[in-house]
Amino acid sequence: MRTLAASREFKDTPAGTIPVDWRCARLSEVCRTFSGGTPSRKHAANFGGGIPWIKSGELNSRLIESTEETISKVSLANSAAKIVEAGTCLVALYGATAGVVGRSMIEAAINQAILAIVPRTDELLDSFLFVALEHVVPQAVRLVQGGQPNLNAGIIESLYLPIPPRREQQRIVDTLHQWDDSISLSDRLVTAKIDYERGSLSELVNGRWSLVRLGDVAQECFDRNGSTYPRERLSAVTKKDGIVPMRERVQGDDISRCKIVEPGWFAYNPMRLNIGSIARLERESAAIVSGDYVVFRALEDRLLGDYLDHLRRSDRWANFVRRSGNGSVRVRIWFPDLGRFQFPLPPLKQQRRVADLLSSMTREISMLQEKSEALREEKRGLMQKLFSGKVRLKDGS
């Protein structure tokens, strides 16, 4: 049986305050590192071979068991791509995934955006190194300036690791693995619920009712702010969070030409609708958005705003948006373009039943997502205690 016990004797180290029986070491002292490369895409024979090839984006899956692409033995010999053994720890060095830590569960090649990290001796368990990197690498990311930080081998190698005795390393790994199992189970439940909701959405909004055009059951709104609302009402439209207060650093000086969005109305950036930046104003007070945004409302005597808010998340909507954009560099979709969207329109009572059912599913998914995030937050708190030795894992009798 394993019990938790508080450690009472500590020492100060570059890795922070740790128990006196632990060691602190720079990563370069206890590990060797190397990166890979990308074979030339000019030669088709370089790809499609039998060697899995890991790209940095695939580290988001945390444990890599398969890859999107494979390379050939010839390309491995004629490029900088390098092989990592199963169990090797990996860190993404730059781009959107910079600082993401993964572990290859298969023998595979890696590209140049990935740093492989391998223990020099048996002092470090591979499995412990993995969870330790998940703990310390975010520190390196925080030290690098920029929206998408670029890391390098030198930055990662300069990190300090707290190193407990091997038996304690294994206890830490086993404990965190239990948390990972709980998080994975919760995530799978979220995914299943999302898939079910999407299937239900497709079935419910594609009935046998008469087709209508959005422009016939919704109306574009052009009300300018003038001096009606203060700057505090200025908002942006995001795909993830909906209509949210705009950050001060991106606000313009003149808010008089901003458009008013009343509660229940919709707003979107015509240059970003193709990536999903559209939202309905959920709060009870009006907002103002950029004068370049499109604002519209559902004509509630024919189309419920609640129903439209779900309809815009459907494949039918997404397929239309992809087809209807115009512009050579960025897709621009104005309301007359969007107004041509056709969809089956059920009676108002049926719209209400569909919207209520889908809203119930959405609330359930949100609750499950919050649970998953709470588990991750609890794990992060436990990791802080485990890697500082404030909580020690000991074998009980």
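Throughout, read-outs are computed from the coordinates displayed, never taken from laboratory work. All figures in this text were calculated on a predicted structure; none of them were measured in a lab. Counting neighbours? That spans all protein chains shown, and the Cβs are built from the backbone with ideal geometry, glycine included.
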Proximal lysines to LYS11, defined as alpha-carbon separation beneath 21 angstrom and excluding residues fewer than eight positions away on the same chain: LYS385, LYS390, LYS394
Charge sum, other residues only, whose C-beta stays under 11 Å from CYS24's C-beta, Lys/Arg counted +1 and Asp/Glu -1: +1
Cβ-based exposure ranking for SER360, SER277, SER184, in which fewest neighbours within 10 Å come first: SER360, SER184, SER277
Pair ARG302, ALA45: separation of 7 Å Cα→Cβ label points (nm): 6.4
The range 81-97 - phi-based ³J(HN,Hα) in whole Hz, Karplus 6.51/-1.76/1.60, Gly and Pro as x: 4, 10, 8, 10, 7, 4, x, 6, 7, 10, 10, 6, 9, 8, x, 4, 9
Environment charge of ASP216, counting only residues whose C-beta is closer than 11 Å and scoring Lys/Arg +1, Asp/Glu -1: +3
Distance histogram for the range 57-215 (every C-alpha pair counted, 5 angstrom bins, percent rounded to whole numbers): 1, 7, 13, 16, 16, 14, 10, 7, 5, 4, 3, 2, 1, 1, 0
Reachable lysines, given that their alpha-carbon falls under 21 Å from the alpha-carbon of LYS259 and they are not under 8 places away in the same chain: LYS239
Helix-only CD estimate at 222 nm, as mean residue ellipticity for the chain, using -39500 (n - 2.57) per DSSP H run (n ≥ 4): -11000 deg cm²/dmol
Contour minus Cα-Cα distance for ARG62 and ARG198 (0.36 nm per residue): 46.4 nm
Cα-based reach from LYS240 at 19 Å (exclusive), listing aspartates and glutamates while leaving out same-chain residues under 8 positions away: ASP187, ASP195, GLU197, GLU282, ASP306, ASP309, ASP315, GLU364, GLU370, GLU373
Extension gain (nm, one decimal) between ARG340 and TRP179, 0.36 nm per residue minus Cα-Cα: 53.1 nm
Dimensions (Å) - the range 23-123, Cα atoms, principal axes, largest first: 49, 26, 21
In nm, spacing of pseudo-spin labels at ASN78 and ILE275 (7 Å Cα→C-beta vector): 3.7
Built amide H within the under 5 Å cut-off of ILE288, gap 5+: LEU234, SER235, VAL261
Three-way shape call for the range 124-234 based on the alpha-carbon gyration tensor, with the a/c threshold at 1.5: oblate
Calculated from backbone phi, Karplus (6.51, -1.76, 1.60) coupling profile of the range 149-156 in Hz, x at Gly/Pro: x, 9, 9, 8, 4, x, 5, 5
Neighbour-count ranking [beta-carbon atoms within 10 angstrom, fewest first] of SER28, SER75: SER28, SER75
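For the pair ALA96 and LYS385, what calculated FRET efficiency results from E = 1/(1 + (r/R0)^6), where r is the Cβ-Cβ distance and R0 = 22 Å, to the nearest 0.05? Walk me through the numbers before you get to the answer.
Working: r = 30 Å, r/R0 = 1.38.
With R0 = 22 Å, the Cβ-Cβ based efficiency is 0.15.
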Taking the chain and dividing mean pair separation by its residue count, relative contact order in percent (alpha carbons under 8 Å, at least six apart): 18
Exposure proxy order (Cβ contacts within 10 Å, fewest to most) of ASP122, ASP223: ASP122, ASP223
Residues whose placed amide H lies under 5 Å from that of LYS394, excluding near-sequence neighbours: THR3, ALA5
Rough spin-label spacing in nm, given labels placed 7 Å along Cα→Cβ, for ARG352 and THR17: 6.1
Note, ³J(HN,Hα) from phi for the range 255-260, Karplus 6.51, -1.76, 1.60, rounded to Hz, x at Gly and Pro: 9, 5, 8, 4, 8, 8
Volume of the Cα convex hull of the chain, divided per residue and given in Å³: 205
